[in-house]
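The values are calculated or read from the model by the stated rules, or taken from the named source; none is laboratory data. All of these numbers come straight from a predicted model, not from anything done at the bench. Note: ideal-geometry Cβ built from the backbone for every residue, glycine included; neighbour counts use all protein chains shown. In case anyone asks, the SASA skips ligands and DNA or RNA and just uses the protein heavy atoms, side chains included. Shrake-Rupley method; radii C 1.70, N 1.55, O 1.52, S 1.80 Å.
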Amino acid sequence: MSSTPAQNYARLLQEVRRHDHLYYVQAQPEISDTAYDRLYRELLDLETTHPKLADENSPTRKVGGAPLDSFRTVAHAVRMQSLNNTYSEQELSDFLDRVEKNLHGQESEFVIEPKIDGVAVSLRYENGRLTQGLTRGDGERGDDITENLKTIRTLPLSVPKLPAKIEFRGEVYLPEAAFAALNQSRQKKGEALFANPRNAAAGTCKLLDSREVSKRPLAIVLYGLGEVAGPTLKTQLELHRQILAWGLPGHEWFRHVRTPAEVLHAVRELDQARTQFPFATDGAVIKVNRLDQQKILGQTDKAPRWAIAYKYAPEQSETRLLNVTFQVGRTGVITPVAELEPVLLSGSTVARATLHNFEEIARKDIRVGDLVRVEKAGEVIPAVISVNLAQRPPQSKPIRPPKTCPVCQGPLEKEDVFLRCTSRDCIGQLKRRLQHFAHRGAMDIEGLGEVMATQLVDAGLIQHLDHIYDLTEEKLTALERMGEKSATNLLAGIDASRRRPLWRLIFGLGIPQVGAVLSETLARHFRSLDRLSRASLADLTQANDVGPKVAEEIVAFFHEASTRRLLTSLQKAGLNFSALPEELEERGGIFSGKKFVITGTLSLPREDWIRQIQSLGGSVVGSVSAKTDFVLAGEEAGSKLEKARALGVRVISEKEFEKLVG
Ligand code: IVH
């Protein structure tokens, strides 16, 4: 018996929803992205051929609408507060005492729930329909990001059983896998990477084009209430259960407890459980359960007195320092690396950690054989933070800085707290330079990553950067594990790099202190590599953003005989040495001649702001002075903000920036 379209539709809808739940809520997808896309297409096709069947909450409705010019700012009906934080169990116990005292003998009970490391939002449903979504903003007023939030797959646009008016508070996040995929595709396109999933989620919420937002699988967890009209809930526990019962995205991990010992137990239990959540969790939130008691306890200016966040310390472990090796970077800087007895840290096994530099080693008195404490906070590379002196074995050996380059035995020079190999022929530097040259953010040569760079140098196929362009299929296929197809692909990638814009070549050369953004400025100003290579100090300081120190580095770089040889042979190899028309587009704009300083945490990567400012004619400098025109300040801005205020420099927020830009 064949099924009717309606039956088919119901089955497909249920199936897509089930996979959404597995992906977003359980973080355990059962099928590949491609298989999911196929199901989704089928659903969409059925809706197109039978429009009457289409469910108004279908996942296919989450595609976004027309782009906005800017976000409207809207006042919050109930202020969006933040939470008091603590890292200590003692302070947590003080909080419980305070609650008890202020409840004057009433018995207290608590709910323990995850503190989600995302972006706070408010969501309003009126007569069962999602009508408004706002960012926290300054707590009083937020940006209207309704269209963006409507793209969230697990968020129904209509929920008939809701009270007439109900506002939820929750946290938007980007699942770990989606974050990795997003950064990967940004890297491919040479765009700045997001530092962590939270920044990526914040940046996504602030996109003006909700169709773009719909391509990034944002997710949300609801955990609180704002304004409510209609039958009210009595406890936080009831809220959590009701959120799930309404079919809204909540979270299933919450505990209802009474005594301080139970609170502590639940907090520790959550610390174990949180590694399995689809979102990053940086703590536990402890909330008084009864809403009437929350009311009695009230709030301070900043935070409620009925809740506290207990933050988990960044994960640390102790392990044995087995050895110290030295890594040579592309400019010759030597980084000491700790080789460790493998240890589990934040869900991954760590066998190496950075020791930063030799002064740091001396200051912490770290020796080979020591038991050391390693830490991994967020996305950062693990680092050795201290030594357990009580456990120092008698035969522990101090770490001596190398006297010559560990790779080429060339001479070393001290520069600040760093040691640097000054040899131009060091193959350690060459491998890193090659890797940098070919990197996606520079010349973008597909197939030429760290492993390939090492292999090519070790096999003697590349002794200077320009030898990349002498590679042939014959030479490549002689390498181990290199098939004909990979060789052809690599050669095609190398060939394509001949036609890259000038700024990529300038960046790829690896001139000390010259990053991608400055490379763009130089390309625009000098228009050809010949002209840049002949520029004097005076010529260089004429260009926007080039200070005297950087100018000296550039002049010194182009004066070296090895650079001259390199350029001659790159030109012979047919590389583009001139700025392409699109690099030269007139950039006069509202910020023409204006100097900016950027400080604090912003919703987009720094590079994005710099690009935006430059595209409008402005420039970005590192420190605040009387000559600074604007300080763009994000959250937790510190000394630069203070200095700007002291000097009377105009300080603007992201929002004011957007207003200025229109
Ligand atoms: S309740 C009035 N519960 O953490 C109290 N907040 O650092 C409102 N957060 O502003 C907050 N998970 O953005 C609450 N389970 C949770 C949370 C949570 C994450 C965020 C929220 C808050 C910030 C405070």
**Prompt:** Would you pick out the residues in segment 588-616 that are modelled with pLDDT of 80 or more and farther than 25 Å from T204 by Cβ?
**Reply:** F591, K594, K595, V597
**Request:** Quickly run through segment 169-220 and pick out the residues that are closer than 18 Å to P59 by Cα, part of a helix (DSSP H, G or I) and open to solvent by less than 20 Å² (accessible area, probe 1.4 Å).
**Result:** A178, S210, V213
**Message:** Checking the conditions here, which among Q242, Q293, Q276 is among the polar types (S, T, N, Q) and within 15 Å of the ligand (Cβ to nearest atom)?
**Reply:** Q293
**Request:** Report, by residue number, each residue of segment 285-303 that is part of a strand (DSSP E or B) and closer than 28 Å to N196 by Cα.
**Result:** V285, I286, K287
**Fill in**
Expected output for segment 451-478 (first residue free of Cβ contacts under 8 Å to residues at least 12 places away in the same chain, partner open to solvent by 80 Å² or more (accessible area, probe 1.4 Å), Cβ below 9 Å, 6+ apart or cross-chain) is T477/E484
**Message:** Where the second residue is of a type in the set (D, E, K, R) and the first is within 11 Å of the ligand (Cβ to nearest atom) and lies in segment 296-316, which pairs have Cβ atoms under 6 Å and are six or more apart or on separate chains?
**Reply:** Q299/R305; A307/K287; A309/K115; K311/D282
**Asked** Which residues, counting only those in segment 441-454, are surrounded by fewer than 17 Cβ atoms within 10 Å (Cβ to Cβ) and either in a helix (DSSP H, G or I) or over 31 Å from the mean Cα position of the chain (by Cα) (or both)?
**Response** E450, V451, T454
**Asked** Do the conditions hold for I334, that is, is it more than 16 Å from the ligand (Cβ to nearest atom), among the hydrophobic types (A, V, I, L, M, F, W, C) and either within 30 Å of Q409 (Cα to Cα) or open to solvent by 40 Å² or more (accessible area, probe 1.4 Å) (or both)?
**Response** yes
**Request:** Check whether at least one residue in segment 268-284 is within 30 Å of the chain's Cα centre (by Cα), within 23 Å of V121 (Cβ to Cβ), in a strand (DSSP E or B) and modelled with pLDDT of 95 or more, and report yes or no.
**Result:** yes
**Item:** Residue tally, condition within 21 Å of the chain's Cα centre (by Cα) and among the aromatic types (F, W, Y), over segment 588-625
**Value:** 1
**Complete:** Within segment 383-423, residues being within 18 Å of E318 (Cα to Cα) and open to solvent by 50 Å² or more (accessible area, probe 1.4 Å) number 5
**Item:** Subset of segment 604-626 that is surrounded by fewer than 21 Cβ atoms within 10 Å (Cβ to Cβ) and of a type in the set (G, A, S) - its residue that is nearest to N183 (Cα to Cα)
**Value:** S615
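One line per residue, one yes/no per condition, for (1) under 30 Å from D143 (Cα atoms); (2) more than 16 Å from the ligand (Cβ to nearest atom); (3) modelled with pLDDT of 90 or more:
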position: E30; (1), (2), (3): no, yes, no
position: D37; (1), (2), (3): no, yes, no
position: E47; (1), (2), (3): no, yes, yes
position: K62; (1), (2), (3): yes, yes, no
position: D69; (1), (2), (3): yes, yes, no
position: L92; (1), (2), (3): no, no, yes
position: D97; (1), (2), (3): no, yes, yes
position: E107; (1), (2), (3): no, yes, yes
**Prompt:** Which condition number in (1) assigned to a helix (DSSP H, G or I); (2) more than 30 Å from R440 (Cβ to Cβ); (3) in contact (Cβ under 8 Å) with a residue 40 or more places away in the chain; (4) open to solvent by less than 60 Å² (accessible area, probe 1.4 Å) is the one that G226 fails?
**Reply:** (1)
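Conditions tested, residue by residue: (1) of a type in the set (D, E, K, R); (2) part of a loop (DSSP other than H, G, I, E, B); (3) closer than 20 Å to A442 by Cα.
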position: I462; (1), (2), (3): no, yes, yes
position: K475; (1), (2), (3): yes, no, no
position: D495; (1), (2), (3): yes, no, yes
position: R498; (1), (2), (3): yes, no, yes
position: R504; (1), (2), (3): yes, no, yes
**Message:** Could you check segment 145-168 and list, in sequence order, the residues that are surrounded by 19 or more Cβ atoms within 10 Å (Cβ to Cβ) and of a type in the set (D, E, K, R)?
**Reply:** E147, K150, R153, E167
**Request:** Look at segment 603-633 and say how many of its residues are within 20 Å of A516 (Cα to Cα), out of contact with any helix residue (DSSP H, G or I) (no Cβ under 6 Å at 6 or more places or on another chain) and either assigned to a loop (DSSP other than H, G, I, E, B) or of a type in the set (S, T, Y) (or both).
**Result:** 9
**Asked** Got a number for residues in segment 62-84 being outside any loop (DSSP other than H, G, I, E, B) and loosely packed, with under 14 Cβ neighbours inside 10 Å?
**Response** 1
**Asked** Do we find a residue being closer than 20 Å to A229 by Cβ, of a type in the set (A, V, I, L, M, F, W, C) and more than 16 Å from the ligand (Cβ to nearest atom) anywhere in segment 124-132?
**Response** yes
**Complete:** Flagged pairs (Cβ under 6 angstrom, 6 or more apart or on separate chains; first in segment 616-641, charged (D, E, K, R); second open to solvent by less than 50 Å² (accessible area, probe 1.4 Å) and part of a loop (DSSP other than H, G, I, E, B)) are E635/G600; E636/G600; K640/V624
**Prompt:** Looking only at segment 517-535, which residues are in contact with a Ser or Thr (Cβ under 7 Å, 6 or more places away or on another chain) and either without any contact (Cβ under 8 Å) to a residue 40 or more places away in the chain or in a loop (DSSP other than H, G, I, E, B) (or both)?
**Reply:** R527
